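What follows is one structure encoded as structure tokens, with my remarks underneath.
All of the numbers you see were taken from the coordinates with simple rules; none came from a lab. The model shown is predicted, which means the values in this text are computed figures rather than measured ones. Positions of Cβ are backbone-derived with ideal geometry, glycine not excepted, and every protein chain shown enters the neighbour counts.
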Amino acid sequence: MKSTDRILDTLKREGSVSAKTLAQSLGMTTMGVRQHLQSLERDGLVDFEDVRAKVGRPTRHWSLTASGHSRFADSHNDLSITLIDSVQDVFGEQGVEKVIAQREARTLAQYQDALKDCDNLEAKLQTLAYLRESEGYMAELQQDGADYILIEHHCPICHAAKTCPALCRSEIQLFQRLLGNAYRIEREEHIVSGQRRCTYRIGEKT
């Protein structure tokens, strides 16, 4: 992966960060990172904000622009939207719901097979994060106290989900069906709502 692609990938995952932080994360010199960032800025892929510190000069934090985010492909988005529109035109809203339900059922079966040997919640979620990462969601798992946070830095079906919000509803239903009713799942951040990532808080019901 080229240095500029590594920088874009890190900004996609981490959000707003300084050149120094990028350099440490990527094993590059700060000067080298700044040169790449300036090139990416000229291309309209990144922008910066000077964040005031309590002491000393402001720190420049870099993040992706809308064009930068668009570099991360959405899976067949034009085709997906066209198909959703066609199904809705021919079969109505009920037809769209049936298609989404079938997609959910098929994905659930695949995930259940992958998780069949997992004997605790953490193992299940680590496997789920791996599956989502392989599908282009740039997923990772973090722990927050007794809860787990499933983070998806990218949504490969984002354009289709904006056209058909039922896809997002289906995603959280899928996770709930996969893990069972002993666990609560709450979506705390949502790309379609304008946030930079989707996050799901998962823990045992009390």
What are the aspartates and glutamates whose alpha-carbon lies under 15 Å from the alpha-carbon of Lys98, with same-chain residues fewer than 8 places away excluded?
Asp85, Asp89, Glu171
So, R0 is 35 Å and r is the distance between the beta-carbons of Asn120 and Ser70; what FRET efficiency does that work out to, to 0.05?
0.35
Given the -39500 (n - 2.57) contribution per DSSP H run of 4+ residues, what per-residue ellipticity at 222 nm results for the chain, rounded to the nearest 500 deg cm²/dmol?
-17500 deg cm²/dmol
Against the 2.2 N^0.38 Å rule of thumb, the C-alpha Rg of the chain sits at a ratio of 1.17
Could you tell me whether the range 80-125 comes out rounded, prolate or oblate from its Cα gyration tensor? Rule is a ≥ b ≥ c as square roots of the eigenvalues, rounded for a/c under 1.5, then prolate if a/b exceeds b/c, otherwise oblate.
prolate
So what is the relative contact order for the chain, in percent, with contacts set as C-alpha pairs under 8 Å and at least six apart?
15
Between Glu93 and Arg106, what length comes free when the chain is fully extended (0.36 nm per residue of separation minus the Cα-Cα distance, one decimal in nm)?
2.7 nm
Between 0 and 90 degrees, rounded to the nearest ten: what's the tilt of helix 77-115 against the longest Cα principal axis of the chain?
90
Compute the long axis of helix 166-179 from its Cα atoms, compare it with the longest principal axis of the Cα atoms of the chain, and write down the angle in degrees, 0 to 90, nearest 10.
80
Percent of C-alpha pairs per 10 Å bin, the range 152-206, short to long:
23, 52, 23, 2
Tell me, what are the semi-axes, in whole angstrom and largest first, of the equivalent ellipsoid of the range 1-40 as set by the roots of 5 times the Cα gyration tensor eigenvalues?
13, 11, 10
